[in-house]
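Working notes, structure below.
Derivation of every value follows stated rules applied to the coordinates shown; laboratory data play no part. What you see is a predicted model; the values in this text were computed from it and never measured. No Cβ is skipped: glycine too gets one built from the backbone with ideal geometry, and neighbour counts run over all protein chains shown.
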Amino acid sequence: MSKTKILNVGEIETQKQKYIIEKLRKEFENKYKETNKKKTFHVETFGCQMNFRDSEKITGILTQIGYEEVDTEEADFVIYNTCTVRENANNKVYGRLGYLGKLKKENPDMIIAICGCMMQVPEVVEKIKKSYRFVDIIFGTHNIYKLAELIELRLYSKRMVIDLLTDAQMIVENLPSERKYDFKAGVNIMFGCNNFCTYCIVPYVRGRERSRSPEEIISEIKQLANDGVVEIMLLGQNVNSYGKNLDQPMTFASLLQRVERVEGIERIRFMTSNPMDLSDDLIEVMKNSSKICNHLHLPIQSGSTRLLKLMNRKYTKESYLELVRKLKIAIPNISLTTDIIVGFPGETDEDFEDTIDVVKQVGFDSAFTFIYSKRTGTPAATMDKQVPNEVCNIRFDHLLKTIRESSKDSDGGEINSIQKVLVEGINEQNPELLTGRLTNNMLVHFKGENHLIGKIIPVKLIEKKRFYYMGEIPNQ
Ligand code: 5AD
Ligand code: SF4
């Protein structure tokens, strides 16, 4: 007797979208036969790793429909995948939209789409509807999987198509995706954020936290390993809260242990990790793992306990330093990187000095530094004592200098020791060299043949510069 599989809503949606992709593919193929000209597309991505991963999904759908990727905006379909974490991210998009408008005058059949975090802000959508009427498709962060359906709608209706959801209704799996690299890949383990740090717009534009099931994650990673991927980056706004909202809750530490067992995967990275709930279990798993890389991105945002409280970060200067101490004991040559915001409302000289103090004590290998940007709708936007620009700029420069001076001379291994390196490509400055990465994320440049790209190979470290090594392939 044949069994009927009962599909859940996500699976039904996947089938629907695959049907539309196939329908469009046939139409595109027929057009191609008539004109002998393939339709082209270009995706421009702004923002974080999550957006870059989303763009791989967008590229996958467009490629399956039959569009061909080009690297300029002079294409038949151009899509901007936007970021809104800081105001200058918005300004970049508005600036470039003006240019797209001009291109569309020359090619009236061009389709212009905008998606991503900026589109989850209603005022932004209003502005685009009013001032950038040439935009064809607008959608947000929760419905990328619907891209083919939205293109179909636009082709038939000839009107601006807007599809926005305030929160995700389901996780839609198994749609096409076109990865940027053959040997390393990002894997979403969760979406959204529940932390509501008071400066941050992410929880409003990416919605509440949702974890993918461990089965889906492991099956995707197995498939990647089969395709030759050796390094994966697990992605989430705060990976440490992974699994809390699953039907059968599980921790990030135990997910990592399952990922570690996937044969073929040799390196595991993850981001981002909130210091608030980084568990001792996770430190233990990192310590005992031969695959998890010696690198942790641990955003501190500020070194002042008073400001951290106003930011709703739920840790203190002391507890952050204690966490770093534990990590360094467990994994002695761990490389630590961080994010820091300068000029959060009410930041005093003393608060800023606390940040400088933490930077000096930890010795981060590198840090992403940001001047606070007011995001309408977040609690910090209405806080008193916004810090004047001149003060922010002075503090920012001082911070950069301190980071440079205190960055611990990162340790990827002794000179003359042989270390494992993932060969990532041809050196950008000197095409006679290859560039690869050590487990702690430091770069190594060395002579080698192009067929090594994408492989993990032994490299002898021969000279140490401040932020990278020169190496050579040892004699067999
Ligand atoms: N202003 C400045 N920086 C911000 N970030 C998030 N929101 C803001 C804001 N409003 C920074 C934080 C976060 C990183 C991704 O962006 O440091 O970790
Ligand atoms: Fe924003 Fe805080 Fe969530 Fe990170 S943890 S995405 S900073 S709200």
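Tabulated results
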read-out: With Cα atoms, 0 to 90° folded angle of helix 49-65 axis to the chain main axis; value: 30 degrees
read-out: Area projected by the alpha carbon convex hull of the range 64-143, averaged over all directions, nm²; value: 5.7 nm²
read-out: Stretch gain in nm, segment E414-Q429, where the contour uses 0.36 nm per residue and the Cα spacing is subtracted; value: 2.9 nm
read-out: When each of K180/K460; K92/K401; K287/K328; K360/K401; K222/K326; K104/K129 is checked by Cα-Cα distance, pairs over 22 Å; value: K180/K460; K92/K401; K222/K326
read-out: Rounded FRET efficiency, nearest 0.05, which uses the C-beta distance separating D227 from E27 and R0 of 35 Å; value: 0.75
read-out: Charge context of K37, other residues only, Cβ under 12 angstrom, K/R +1, D/E -1; value: 0
read-out: Span per principal axis, largest first, for the Cα atoms of the range 341-405 (Å); value: 35, 19, 18
read-out: Over the chain, relative contact order from alpha-carbon pairs under 8 Å, at least 6 apart, %; value: 10 percent
read-out: Amide hydrogen neighbours beyond the local backbone of I371, cut-off 5 Å, H modeled; value: V342
read-out: For the range 364-476: relative contact order, % (alpha-carbon pairs under 8 angstrom, 6 or more apart); value: 22 percent
read-out: At most 10 other Cβ within 10 Å, DSSP loop - trypsin sites (Lys or Arg not before Pro), the range 166-245; value: none
read-out: Potential lengthening between K16 and T348 on full extension [0.36 nm per residue; Cα-Cα distance subtracted]; value: 114.0 nm
read-out: Length added when fully stretched, N333-K385, from 0.36 nm per residue minus Cα-Cα; value: 14.7 nm
read-out: Peptide ranges 266-276, 389-399 listed from the most packed, as the mean C-beta count within 10 angstrom indicates; value: 266-276, 389-399
read-out: Rounded FRET efficiency, nearest 0.05, which uses the C-beta distance separating E68 from R261 and R0 of 41 Å; value: 0.60
read-out: Counting all C-alpha pairs of the range 1-111, share separated by more than 25 Å (%); value: 37 percent
read-out: Formal net charge of residues neighbouring V230 (Cβ-Cβ distance under 14 Å; K, R +1; D, E -1); value: +2
read-out: Tilt relative to the chain, helix 87-106 - C-alpha long axis, 0 to 90 degrees, to 10; value: 30 degrees
read-out: Shape box of the range 143-230 [Cα atoms, principal axes, largest first, Å]; value: 44, 40, 22
read-out: Cα-projected label distance for I218 with Y156, points at 7 Å along beta-carbon direction, nm; value: 4.2 nm
read-out: Around T141: net Lys/Arg minus Asp/Glu count, Cβ-Cβ under 9 Å; value: 0
read-out: Rg/Rg_ref, the chain, where Rg_ref = 2.2 N^0.38 Å and atoms are Cα; value: 1.03
read-out: The chain - Cys residues lacking any other Cys C-beta under 4.7 Å; value: C48, C83, C115, C117, C193, C293, C392
read-out: Prolate/oblate/rounded call for the range 416-476, Cα gyration tensor, a/c under 1.5 rounded; value: rounded
read-out: Separation of the N194 and Q248 label points, Cα + 7 Å toward Cβ, nm; value: 2.0 nm
